[in-house]
Every structure is written in C-alpha cells, then in structure tokens.
Amino acid sequence: MKDDNLFMVFTKFSDLHILIEGDKMNFRNDVSGEIISFEQALELIKNSIQDEKEDELFYDSFIKQAPTQMAQEIIRHIRDEERSHNQILRQLYFEFTGQLLPQEQITNDNQVSTNYQTNLEKAFFGEIGAVQKYRKIMSAMPTSVSYGLLMSIMTDELTHADQFNFLLNR
C-alpha cells in the first residue's frame, strides 16, 4: 500500500529519523534530547511554574544587594517578567490540561548569597538554563499561539542573561 503523504527521511549526520505525514513531522530516535513529547513538555511547564516563582523570590531579595540604582532597576524589571512568565505558564497548563495548579508555597530560605557577584553568576546561569528548557518545551507545542508565548518567554530569558552579563562586567 502506497501512501503519498507518508515518507521517511534518514539523515547521514545522526540517528535522527524524521517521519513526515502531510504537514506534520515526527522525530524518532532523537539523540540530541531537544525533541520531547507533549507529555514531557507539560511536565516541564509544571516545573517551570515553580522555577519562575523561585526566580521571582530570588530576584526580590537580590534587588536589595544591587549597588546602583540602575542595577536595582534591571533586577526589578527581570523579577517582574519572571512573575509574568509564571502567569503565562499557568494559563498554558490550564488550557492544555483543564487543571488549575495551586499557588506555590515557596520560601526564599538560603537562595540568596551574601555575595553580590555570586548571585549575579547564579542568576546568569539560571537564565541560560531556562532558555534551554523553554527551547525544548517549544518543540512540543501544538499551536502557533502556545509556541509564540513560549518564544516570548524564551527571548525574555535571553535578554535577562544579557542583562546579567552586562552587570557582571561592570
């Protein structure tokens, strides 16, 4: 039986096999770990909601250490965007599952070092890690709206990393 809408592409560069059905591509044997299932994406979204809240609390405490008004404003802006990301992710999770997640019960114990430079480095690498996580989640998004929302969050995280890099090099 021949199906004109179904064929497989084998790349010579990796073990990645791409099954193309009509206008949809399914990746098999993804050795990069970049392509995840929708269920895995939902779990990462759920985890990201907590991560964004933890970041918000970390930055809220970290603002007080900033040595200049400009640094305080940068960190405050980043904190506010993390808060917004939390709400966007909650909405996406609800739209995909029909479940409202309870508000996080997180304390800020032992998250903030007394060393400003150490906290800048932690924030910088945290934002880089978030970019990598959101890139994976994006690969499993079923709609252009959800993809676009995650792209917005991911580009914010890239900007945050740039801003922390700026502060690290002042």
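Can M154 be described as buried (at least 18 other Cβ atoms within 10 Å of the Cβ) and either touching a helix residue (DSSP H, G or I) at 6+ places or on another chain (Cβ under 6 Å) or assigned to a helix (DSSP H, G or I) (or both)?
Numbers: buried (at least 18 other Cβ atoms within 10 Å of the Cβ): yes; either touching a helix residue (DSSP H, G or I) at 6+ places or on another chain (Cβ under 6 Å) or assigned to a helix (DSSP H, G or I) (or both): yes.
Here the answer is yes, as M154 does meet what is asked.
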Note down all Cβ pairs under 7 Å where the first residue falls in segment 90-117 and is closer than 30 Å to P67 by Cβ, the second is at pLDDT below 90 and of a type in the set (G, A, S), and they're at least six residues apart or on different chains. none
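Among the residues of segment 127-151, write down those that are of a type in the set (G, A, S), in contact (Cβ under 8 Å) with a residue 60 or more places away in the chain and either part of a loop (DSSP other than H, G, I, E, B) or open to solvent by 40 Å² or more (accessible area, probe 1.4 Å) (or both).
Correct list: S139, A140.
Any chance segment 77-94 includes a residue that's more than 20 Å from the chain's Cα centre (by Cα), part of a helix (DSSP H, G or I) and either loosely packed, with under 13 Cβ neighbours inside 10 Å or modelled with pLDDT of 95 or more (or both)? Even if it seems obvious, please write down each step before you answer.
In the first step, residues of segment 77-94 are kept if they are more than 20 Å from the chain's Cα centre (by Cα); the result is none.
Checked segment 77-94: no residue is more than 20 Å from the chain's Cα centre (by Cα), part of a helix (DSSP H, G or I) and either loosely packed, with under 13 Cβ neighbours inside 10 Å or modelled with pLDDT of 95 or more (or both).
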Counting only residues in segment 34-46 that are open to solvent by 30 Å² or more (accessible area, probe 1.4 Å) and either in a loop (DSSP other than H, G, I, E, B) or at pLDDT below 95 (or both), the one farthest from Q99 (Cα to Cα) is identified as E34
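For segment 142-170, name all the residues that are among the hydrophobic types (A, V, I, L, M, F, W, C) and more than 15 Å from S48 (Cα to Cα).
At the first step, the residues of segment 142-170 found to be among the hydrophobic types (A, V, I, L, M, F, W, C) are 145, 149-151, 153-154, 158, 161, 164, 166-168.
Answer for segment 142-170, where residues must be among the hydrophobic types (A, V, I, L, M, F, W, C) and more than 15 Å from S48 (Cα to Cα): V145, L158, A161, F164, F166, L167, L168.
The values are calculated or read from the model by the stated rules, or taken from the named source; none is laboratory data. What you see is a predicted model, and the numbers here were worked out from it, not measured in a lab. Reconstructed Cβ throughout: ideal geometry from the backbone, glycine too, with neighbour counts over all protein chains shown. Surface accessibility is based on the protein's heavy atoms, side chains included, excluding ligands, DNA and RNA. Shrake-Rupley method; radii C 1.70, N 1.55, O 1.52, S 1.80 Å.
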